[in-house]
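The values are calculated or read from the model by the stated rules, or taken from the named source; none is laboratory data. Bear in mind that the values here come from a model prediction, so they are computed numbers and not experimental data. Virtual Cβ from ideal backbone geometry, glycine too; neighbours counted across all protein chains shown.
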Amino acid sequence: MNRSINNSSPGGESRLKTTELRIGLVGPMPPPSGGMANQTEQLARLLRQEGVNVDLIQVNPPYYPTWAGKIKGVRALFRLLPYLYRLWRAANTVQLFHVMANSGWSWYLFATPAIWIARIKKKPVVINYRGGEADTFFEKSFFWVKPSLAMADAIVVPSGFLEAVFRKRGIATLIVPNIINLDRFSKQANRRQGIEKTPHVILTRNLEPIYDNATAIRAFDLVRKTIPEARLTIAGSGPERTALGRLVEELGIQDAVTFAGRIDNEAIAELYHRADIMVNPSLVDNMPISILEALACGVPVVSTDVGGIPHLVTHEKTALLVPPQDPVAMSNAMLSLLNDRDKAKQIAEAGMLTVQQYTWPNVRNRLLSVYEYILAKSMR
């Protein structure tokens, strides 16, 4: 039987005494920087600032010994066994577990053990499910996933998109949005104002098939036919790097495209401050942090309308949305912003307003009320 909560269970101002709270936070940490790793790191820091005692159980610590990380198959064992040991020890002292969960093998290797150890040790557990591929994953594997989900005391998701994915399978969730750090990501006085003679487009997704960076490159090539001075910076790394490099050469735009590689959290804000447009071509997505970062920095966004993105931004109001795998539509959207200074400014300003709801002061009570609810429930 599913023991997760629905949207009406916790609510209002949390009365939880954070200084008396001890949480086992399970999730990845940078490096490499990525959506879930950045959120785990940020949540740990913010909870500690609230006085919460956070025991961070990292699912991706450096391999020890280092040679173990170079041997496929063996490296999973060298990471899994210490992880299980950390979980078991933490369960002796924490009051609850907060598990950052994703689809695929990550679910089986990291989320499932945390849930079962929490059950054995009689500690409540919050599953913070974040996988944009959840619907596809559940279609194939829900029979195996459901027993572990059923033991969660709360399932929280960052978007209405994932809420609908779970609701379709009879599982209630609570929306607790991703958090944007406005101390790092915000519009600065020295940010490029308006559209200049050398428009700068940026793409800040990993170079993986699900993010379809090739479509963004083809769209940029079409933009260059109208605005030859335009340039593109691709910030990310991944298995598609070689193929994308070949595509850039085939299109003959090597002089306009920069592969910047993976950029750390501190430097990425500066890239946004030097951008006129951020483009997101993903095929599957939930609530991309990169879009929130761009909005917070006052950069207008052109994105595909997949997954949870239409729950995050509104077409023609806070972003421009286009169908996936459609470079013509994407290039037209980019050109509409590059050629219309007022439209770009209007969308950027609306984006900066909408991102305020994802700041810690606005997310804090939602999360703490979940903790308060399941702790009271476990005591009863």
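Laid out as a table, the results:
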read-out	value
Number of the exception - Arg341 against (1) under 30 Å from Glu316 (Cβ atoms); (2) surrounded by 18 or more Cβ atoms within 10 Å (Cβ to Cβ); (3) not hydroxyl-bearing (Ser, Thr, Tyr)	(2)
Tally, over segment 37-65, of residues that are in contact with a Gly (Cβ under 6 Å, 6 or more places away or on another chain) and either aromatic (Phe, Trp, Tyr) or free of Cβ contacts under 8 Å to residues at least 40 places away in the same chain (or both)	2
Checklist (1) surrounded by fewer than 23 Cβ atoms within 10 Å (Cβ to Cβ); (2) at pLDDT below 95; (3) over 27 Å from Leu81 (Cβ atoms) applied to Gly132, failing item	(1)
Test: Pro228 is surrounded by fewer than 22 Cβ atoms within 10 Å (Cβ to Cβ), of a type outside the set (Gly, Ala, Ser) and either closer than 23 Å to Pro30 by Cβ or within 26 Å of the chain's Cα centre (by Cα) (or both)	no
Scan of segment 202-230 for residues that are among the basic types (Lys, Arg) and either in a loop (DSSP other than H, G, I, E, B) or more than 14 Å from Ser331 (Cα to Cα) (or both), ordered by number	Arg205
Test result for Leu321, under 30 Å from Arg218 (Cα atoms), assigned by TED's automatic domain parsing to the domain that holds Asp221 and free of Cβ contacts under 8 Å to residues at least 24 places away in the same chain	yes
Members of segment 27-86 found to be over 23 Å from Thr204 (Cβ atoms), at pLDDT 80 or above and among the basic types (Lys, Arg), listed by number	Arg48, Arg79, Arg86
Among (1) touching a Gly at 6+ places or on another chain (Cβ under 6 Å); (2) surrounded by fewer than 20 Cβ atoms within 10 Å (Cβ to Cβ) - the single one Met100 does not satisfy	(2)
All positions within segment 103-114 that are crowded, with 18+ Cβ neighbours inside 10 Å and over 20 Å from Val176 (Cβ atoms)	Thr112, Pro113
Selected residue [part of a helix (DSSP H, G or I), in contact (Cβ under 8 Å) with a residue 24 or more places away in the chain, farther than 30 Å from Lys122 by Cα and within 20 Å of the chain's Cα centre (by Cα)] from Val328, Val355, Val306	Val355
Scan of segment 286-303 for residues that are closer than 16 Å to Gly35 by Cβ and not in a loop (DSSP other than H, G, I, E, B), ordered by number	Ile289, Ser290, Ile291, Leu292, Glu293, Ala294, Leu295, Ala296, Val301, Ser303
Matching residues in segment 9-55 - criterion: being within 18 Å of Pro124 (Cβ to Cβ), in contact with a strand residue (DSSP E or B) (Cβ under 7 Å, 6 or more places away or on another chain) and not in a loop (DSSP other than H, G, I, E, B)	Arg22, Ile23, Gly24, Leu25, Val26, Gly27, Leu43, Leu47, Asn53, Val54, Asp55
Total residues in segment 309-320, condition surrounded by 22 or more Cβ atoms within 10 Å (Cβ to Cβ) and in a strand (DSSP E or B)	2
Close pairs (8 angstrom Cβ cut-off, 6 or more residues apart or separate chains): assigned by TED's automatic domain parsing to the domain that holds Trp116 and over 10 Å from Pro124 (Cβ atoms) in segment 88-105, surrounded by fewer than 23 Cβ atoms within 10 Å (Cβ to Cβ) and polar (S, T, N, Q) anywhere	Met100/Gln39; Ser103/Thr136
Criterion (among the β-branched types (Val, Ile, Thr), closer than 30 Å to Ile277 by Cβ and surrounded by fewer than 23 Cβ atoms within 10 Å (Cβ to Cβ)) met by exactly one of Ile179, Ile117, Ile171	Ile179
Given (1) in a helix (DSSP H, G or I); (2) touching a helix residue (DSSP H, G or I) at 6+ places or on another chain (Cβ under 7 Å); (3) surrounded by fewer than 24 Cβ atoms within 10 Å (Cβ to Cβ), number of the condition Gln254 does not satisfy	(1)
Filter result (outside any loop (DSSP other than H, G, I, E, B) and not β-branched (Val, Ile, Thr)) within segment 167-179	Arg167, Leu174
Count of residues meeting criterion [surrounded by fewer than 17 Cβ atoms within 10 Å (Cβ to Cβ) and either on the phi > 0 side of the Ramachandran plot or of a type in the set (S, T, N, Q) (or both)] in segment 35-56	3
Which numbered condition Ala164 misses (of (1) under 22 Å from the mean Cα position of the chain (by Cα); (2) in a helix (DSSP H, G or I); (3) in contact (Cβ under 8 Å) with a residue 24 or more places away in the chain)	(3)
Condition check for Gly261: assigned by TED's automatic domain parsing to the domain that holds Glu240, crowded, with 18+ Cβ neighbours inside 10 Å, not aliphatic (A, V, I, L, M) and not in a helix (DSSP H, G or I)	no
